[in-house]
1. How many of the residues making up the range 122-135 are in a helix (DSSP H, G or I) and in contact (Cβ under 8 Å) with a residue 12 or more places away in the chain?
2. Could you give me the residue pairs with C-beta distances under 7 Å whose first residue belongs to the range 158-180 and is aliphatic (A, V, I, L, M), whose second residue is not in a loop (DSSP other than H, G, I, E, B) wherever it lies, and which are 6+ apart or on separate chains?
3. State which residue is farthest from the ligand (Cβ to nearest atom) when the search covers only the range 28-57 and only residues that are outside any helix (DSSP H, G or I) and surrounded by fewer than 17 Cβ atoms within 10 Å (Cβ to Cβ).
4. Among what's in the range 1-27 and is assigned to a loop (DSSP other than H, G, I, E, B) and of a type in the set (G, A, S), pick the residue that is farthest from the ligand (Cβ to nearest atom).
5. Sort out which residues of the range 28-59 are over 16 Å from A227 (Cβ atoms) and of a type in the set (F, W, Y), and write them in order of number.
6. Taking into account only those residues within the range 74-113 that are polar (S, T, N, Q) and surrounded by 13 or more Cβ atoms within 10 Å (Cβ to Cβ), which is farthest from the ligand (Cβ to nearest atom)?
Amino acid sequence: MSFKEQIIQDRIPRHIAIIMDGNGRWAKRQGMARMFGHRQGVETVHRITEAAAELGVEYLTLYAFSTENWNRPKEEVDALMVLLVDTIVKETPTLMKNNVSLQTIGDLSRLPQATRNKFLECIEQTSQNTGLTLVIALSYSARWEIIEATKRIASAVKDGELLLEDINEEVLSNYMTTAQMPDPDLLIRTSGELRISNFLLWQLAYSELYFTNCLWPEFTNEEFYHAIVDYQHRERRFGKTSEQI
Ligand code: FPP
């Protein structure tokens, strides 16, 4: 039986986050330049987004460009920015067709203006769609996010808008870039690396983690369904005992 057939329909994770890793290694194996891998990675983004929408996943968050990725060679950063814009322009009709709305998390102020504007246009155009929310983490790192949240909380306390004793998990969550979204139920990382790499550190506190050796360009829909089936067979205790669940 295929993994797709094994999926339990009433236990679909509401929020799946993915660290898409291995584009460069995949390209190198083909004897090609790294950008060839990123372009093939876009095909996987397209497929997995459609698969997630079809399954009824509510949020799909993809780590597309980290704060640390700004330190890559300038040619790769520039080419990635062009690829991101081209992808978003090309994919907007597909997002509309699949009732998908786009959101971003990250420090968009660091993006070239043209890139930022295209993302903002697509966010606006898809804002009324009611199916899957596709969240692209762009110029994002969790430590950046936590610092920003801390500054805004400190400022609210200083201005008398927030009482120190009222700060709790819910308040802090609402200062994160993911306010309004449920925490990820499942985190998938491709390419065999066993790290979180500064991604959603606050939000992943109780997420189930799934690591696969597949490189992102070769991450098949079946592998995606495999991750979901694996998740569905785990017991999520959130610190409680099995008997309490
Ligand atoms: C990681 O592989 C991949 C990235 C840093 C970029 C991922 C971006 C895309 C696939 C484009 C996505 C587009 C949209 C619109 C979401 P790597 O370069 O770190 O690979 P390596 O570890 O093998 O070198």
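1. Here is the first cut: in the range 122-135, the residues in a helix (DSSP H, G or I) are 122-125.
Applying the additional criterion that residues be in contact (Cβ under 8 Å) with a residue 12 or more places away in the chain yields 122-123, 125.
The total comes to 3.
2. Note: pairs meeting the criteria are L162/I153; L162/A156; L164/V157; I167/I153; L172/A149; M176/E145; M176/A149; A179/S173.
3. G56
4. Keep residues of the range 1-27 that are assigned to a loop (DSSP other than H, G, I, E, B), which gives 1-2, 7-8, 12-14, 20-22.
Among the residues that remain, those that are also of a type in the set (G, A, S) are: 2, 22.
On the way: S2: 25, G22: 4 Å.
Taking the candidates together, the pick is S2.
5. F36 - this is the single residue of the range 28-59 that is over 16 Å from A227 (Cβ atoms) and of a type in the set (F, W, Y).
6. Step one: list which residues in the range 74-113 are polar (S, T, N, Q), which gives 87, 92, 94, 98-99, 101, 103-104, 109, 113.
Now restrict to residues that are surrounded by 13 or more Cβ atoms within 10 Å (Cβ to Cβ): 87, 92, 94, 98-99, 101, 103-104.
On the way: T87: 4, T92: 11, T94: 11, N98: 15, N99: 18, S101: 14, Q103: 12, T104: 10 Å.
Per the stated criteria, the residue is N99.
Read the figures in this text as sums done on the coordinates, not as results from a lab. Bear in mind that the values here come from a model prediction, so they are computed numbers and not experimental data. As a convention, Cβ positions derive from the backbone with ideal geometry for all residues, glycine included, and neighbour counts pool all protein chains shown.
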